[in-house]
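Report on the following structure.
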Amino acid sequence: MTDPAFETAGEQGAVAAYKSIFKAVLDERPSGMRLRLAHAMGKNRSFISQIANPAYPVPIPLQHLNTIFEVCHFSHAERAAFLEAYGRAHPRRAARLDGVPRERTVTMHVPDLGSEKRNGQLDALLHDFTRRLIALLQEER
């Protein structure tokens, strides 16, 4: 029988493997890529640093993979190596990769409303509208 502690260590090593690929891609890109990626994912920059750090066992959520590939401009070889390592770390998730809807990033230019509070309210309104619209469109399928 396999020791559960060994399985966990093996899984952590597999997670570190694909995170190392992700970190290497990020490190080769221009400065500001982590912030750009955070905006595209609707997350904080610290989240990007955490999911890109091989020392942290936190896995990269499946729903963010397409955004990561698109925003970071993974080459075909980088993407293939990443997906192979991701599949070793998360075999059940990897089986669902084909079912993950592709996403794309749309950038909008909106006016500065003159205060951080009002700008934040506008940002939240646009994010909420987009999330609800997508949910509605997915219900029609």
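The values are calculated or read from the model by the stated rules, or taken from the named source; none is laboratory data. Since we're looking at a predicted model, the values are computed, not measured. Every residue, glycine among them, receives a Cβ derived from its backbone with ideal geometry; neighbour counts consider all protein chains shown.
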Filter the range 38-69 for residues that are within 20 Å of Ala81 (Cα to Cα) and aliphatic (A, V, I, L, M) and give the result. Ile48, Ile51, Ala52, Ala55, Val58, Ile60, Leu62, Leu65, Ile68
So in the range 16-31, with the set limited to residues that are modelled with pLDDT of 90 or more and over 14 Å from the mean Cα position of the chain (by Cα), which one is surrounded by the fewest Cβ atoms within 10 Å (Cβ to Cβ)? Pro30
List pairs: first in the range 60-86 and in contact (Cβ under 8 Å) with a residue 12 or more places away in the chain, second crowded, with 19+ Cβ neighbours inside 10 Å and among the basic types (Lys, Arg), Cβ under 8 Å, 6+ apart or cross-chain? Ile60/Lys19
Hey, can you tell me all the residues within the range 36-95 that are within 28 Å of Thr107 (Cβ to Cβ) and charged (D, E, K, R)? Arg36, Lys43, Arg45, Glu70, Glu78, Arg79
